[in-house]
Amino acid sequence: LGSRVRGWSLLCAFCVVRAEWVLGRHIFRSMAVEVAVSAVATSTAATPFVFVLCALCATLAGLLLAATDSGAVKDSGGYSPAAHVSVCADSTVALFAGLSADGGGLGVFEPLWKLFTPDGALWTFVTLGVSGLVSSAGSLFGFVAQFITGGTADEHHVDSESGAPPGPEKLQMTFLMECHAYWGYVRLFAIGILREYVVRATAFVLRDGVTQRYVNRERWNSGWVEFYKAHMYKLYVDCFNRPIANAPDSTFDVILRERPGGLFFGPLHDFHCTEKVRTCINLGSYNYLGFGGVDKFCVPQARQAALKYGWSSGAPRTEGGTLQVHRDLEQEVARFLNKEDALVLGMGFATNSAILPALFEAQAGGSGVLVLSDELNHRSIVEGVRLSGATVRAFPHNSMPELEAELKRAVTEGQPGAGARPWKKIFIVVEGIYSMEGDFCRLREVVSLKNRYKAYLYLDEAHSIGAVGATGRGVAELFGVPTSEIDVMMGTFTKSFGSAGGYVAASREVINALRRNAPGSVFAAAMSPPCAAQALAAFRVISGTEGGSVGQEKLASIRDNANFFRTRLVEEGFKVLGDEDSPIVPVMLHHPQKLAWFSRQCLDRGIAVVVVGYPAVPVLYERVRFCISAAHTRQQLTKVMAEITEIGRDVGVLFEKAADKKVLESRAARMAAYSSWLRNAPLVLSSAVTYADTAKSWTPEPLVPKCTASVGIRDSALATALTVEEPKASGRTVEMRRFDPLGYVQRPSEAAQQATNATMDAYGFGACGPRGFYGSTRPHL
């Protein structure tokens, strides 16, 4: 009966709203439709009593209708109107439950939102009724009881099984740390509730313009997420998207911003840039090798390419967009990684999101393809896998026992459903360095497992290529794994190379199939010519082809700087994540307000850092992330250490300062053993593999993705993608393939060339990071 009442009540409520709109349109039929809709909306907003009355009428009507409804409810497979609407309501509840069940939601604050906020209480009452309010209260009391008796914080790192190789310690919080962190969220939540009620009262009673705009704002989220963004995230939004006024070198000038309203009403306003800047030591950009500044080797070549080719080829690679600089860069990447061929694209994120669908055969709906993905893989990988339609199973971060269990299950059970057909292909997808953790993948073990179970390996080296390894060739070189054992290698040019774009490298057959099929090759514009020239020059400096010993000096510098900084952080008592040699050094803050305090104090002292909170990381696992560069001097890093140690003491994040000496020594020994294991774990090569017993009878399909296009179209697309198109002299050739309606591609304007020179003089080349992490400049704004 309860399910039927809820369903019919919601249907009646919809009818009331529909009738009110029709009635309003009838009354104002002599006016413009826009005026009528506006008048009805204003009348409804100004008289909440009408809404409450309608809701009560709808509920009574729903009760009467439910009493006469003989249709089966959803739990028994019925198709009555009540069953259908109940499914819709329950799907929303399931969404909230899923967010909080895996550590990605805010747990206790969801029932608080349902009980105490205007939107939350109304949503709960309308969709779930009184039972929903009671259930939320029960969830709240249950959470408190669980917290008091055993704590709630998830352990973010998975430890190795007993007898297995050593692994990092479990990431834990003491009971007092957890209490303090939740108290921080409670304060933010309480202030948010108070602000919401005050703002609504001000809007409806005083008719204040600012508060009315807030109440009537366009909402891109719903429910708890909207409340979190409006009242909690916006309190410390100034810690993100900070624009800069010059090149992202070892130092840069951060443009200061301000907003009215103070602490309480500030979230109702947006930040605006001022004319003031503050020079900061840059620990926020991905400028690992220092090519992001005004580099004397790379920037001149990028500038020359911009003046020669313009900023765009004006066409995809399969429609005349291939230039010589693209082919030179692809050959350099393939040679650098000892692969047969490579394909370059114009955006790093899109290298995954627009390549993986083709690799996982999206044209066939991903049918029969299984992807085993590390749970902490980047969003671009998640999007690429989702778009492919392939079946994906996430395994706990860097857990080799769990990965092997999934592989064994896959080859033993096959595809789900009747018939249990074997999988066509199984892919393992991992990253070289995980950007929020600062740790490496366990590459030697992953390669061994993929060989034993006949799987394919896709390695994302966005943060590791160029930054680690004796010659900058990434985690494969660092851990002594031949690149021939890695089926597909991916990386970006945004970080170590001070450019933009990305690459995939594999066998020539695979790359040719991707040239023909991948959306990033067929539909997207070819990589910007100066970006390709910048990346090409950086590769040549790293490999020693140009610049003499500069490349080796940069590689030695980033390794020494990263290990020096990591060691000093540990010595000062910070709680440090990540592995030795990694240029990403995360430090735990475990508190939402400490996240803001730490970031703001760093900025005040001339240090630019990146702080990371929910939803990028789970609640209670807020952190600050330091990105180390070869451009940093030891003097700069020593100064930073002195400043952030004082900040850490003030904020209260020196969690390890009082730790027992024996515990610290044991931890150091454990991490040293783990670091050695990463480099020396047994490696099973494909040439000497003994297949697992469960995998002996299974034969995967070839790695090369199938193409559904006709042979003629397929061959034509590949030939065009490989054909170099050089700029033609004006008047001699009519180019009809490129999208260049104003002629700027073939004949860049003088103003554009002047702007190019001026911008490169000030910013060098490459933002070395997303807009959220010091990637915004004045030209962007």
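The amide H of Tyr456, built 1.01 Å from its N in the peptide plane, has Ile426, Phe427, Ile428 as neighbours under 5 Å, considering only residues 5 or more places off or on other chains. Residues whose amide H comes within less than 5 Å of that of Lys575, counting only those at least five positions distant or on another chain, are Met588, Phe655, Glu656 (H built at 1.01 Å from N in the peptide plane).
Cα centroids of the stretch 173-195 and the stretch 630-661: 25 Å apart. Amide H contacts under 5 Å for Glu431: Asp460, restricted to partners 5 or more places along the chain or on a different chain, H placed in the peptide plane at 1.01 Å from N.
Relative contact order, whole percent, for the stretch 254-326 stands at 20, derived from Cα pairs under 8 Å and 6 or more residues apart. Charge tally around Glu275: other residues with Cβ under 14 Å, Lys/Arg +1 each, Asp/Glu -1 each, net +2.
If Lys and Arg each add +1 and Asp and Glu each add -1, what is the summed charge of the other residues whose beta carbon sits under 14 Å from the beta carbon of Thr720? Taking every Cβ under 14 Å from that of Thr720, the sum is +3. Here the scattering of the stretch 470-629 is modelled by Debye summation over its C-alpha atoms, one equal scatterer each and no solvent; at q = 0.15, 0.20 Å⁻¹ the log10 of I(q)/I(0) is -1.05, -1.28. In summary, the stretch 218-301 shows an alpha-carbon radius of gyration equal to 1.45 times the 2.2 N^0.38 Å reference for compact globular proteins. Shape analysis of the stretch 389-440 places it in the prolate category; the axes a ≥ b ≥ c from the Cα gyration tensor give an a/c of at least 1.5, with a/b above b/c. Were the residues from Glu413 through Leu63 laid out at 0.36 nm apart, the gain over their Cα-Cα distance would be 121.2 nm. Once the gyration tensor of the Cα atoms in the stretch 455-536 is diagonalised, the equivalent ellipsoid follows with semi-axes of 22, 19, 9 Å, ordered largest first. Enclosing the Cα atoms of the stretch 294-360 in their convex hull gives a volume equal to 126 cubic angstrom per residue. Peptides 685-692, 451-458, 173-180, 188-195, ordered by how many other C-beta atoms sit within 10 Å of their residues on average, highest first, read 451-458, 188-195, 173-180, 685-692. When you work out D = kT/(6 pi eta Rh) for the stretch 523-610 at 25 °C and 0.890 mPa s, using the Kirkwood radius from C-alpha pairs as Rh and the Stokes-Einstein form, the result is 150 µm²/s. Extension gain, Arg379 to Arg747, is 128.7 nm, computed as 0.36 nm per intervening residue step minus the present C-alpha separation.
Here the spin labels are modelled as points 7 Å beyond Cα on the Cα-Cβ line, and at Ala616 and Thr545 they lie 3.4 nm apart.
Taken over the stretch 310-415, the ratio of Cα radius of gyration to 2.2 N^0.38 Å equals 1.33. Note on Thr471 and Val52: the model spin-label points, each 7 Å out from Cα along the C-beta direction, lie 7.6 nm apart. For the pair Phe204 and Leu703, the difference between a 0.36 nm per residue extended length and the Cα-Cα distance amounts to 173.4 nm.
For the stretch 195-250, the extents of the C-alpha atoms along the principal axes are 52, 24, 18 Å, listed from largest to smallest. Cβ-Cβ distance of Met736 and Thr759, R₀ of 25 Å, FRET efficiency by 1/(1 + (r/R0)^6): the value works out to about 0.20.
Taking a sphere under 13 Å around the Cβ of Lys594 and counting the other residues whose Cβ falls inside, with K and R at +1 and D and E at -1, yields a net charge of +3. In order along the stretch 541-546, the phi-based Karplus estimate (6.51 cos²θ - 1.76 cosθ + 1.60, θ = phi - 60°) of 3J(HN,Hα) comes to 5, 4, 7, x, 5, 10 Hz; Gly and Pro are listed as x. Distance from the Cα centroid of the stretch 119-137 to that of the stretch 239-256 is 46 Å (rounded to whole angstrom). Shape class of the stretch 407-488 from the Cα gyration tensor (axes a ≥ b ≥ c, square roots of the eigenvalues): prolate, since a/c reaches 1.5 or more and a/b is larger than b/c. Computed over every Cα-Cα pair of the stretch 446-491 and binned at 10 Å starting from 0, the pair-distance distribution P(r) comes out as 28, 55, 16, 1 percent. Taking the three principal axes of the alpha carbon atoms in the stretch 617-699, the coordinate ranges are 62, 35, 29 Å, sorted in descending order. Residue ranges 496-509, 109-122 sort as 496-509, 109-122 when ordered by packing (mean number of other C-beta atoms within 10 Å per residue, highest first).
Coordinate-derived values only; no laboratory data. Predicted, not measured: the structure shown is a model, and the values here were computed from it. Counting neighbours? That spans all protein chains shown, and the Cβs are built from the backbone with ideal geometry, glycine included.
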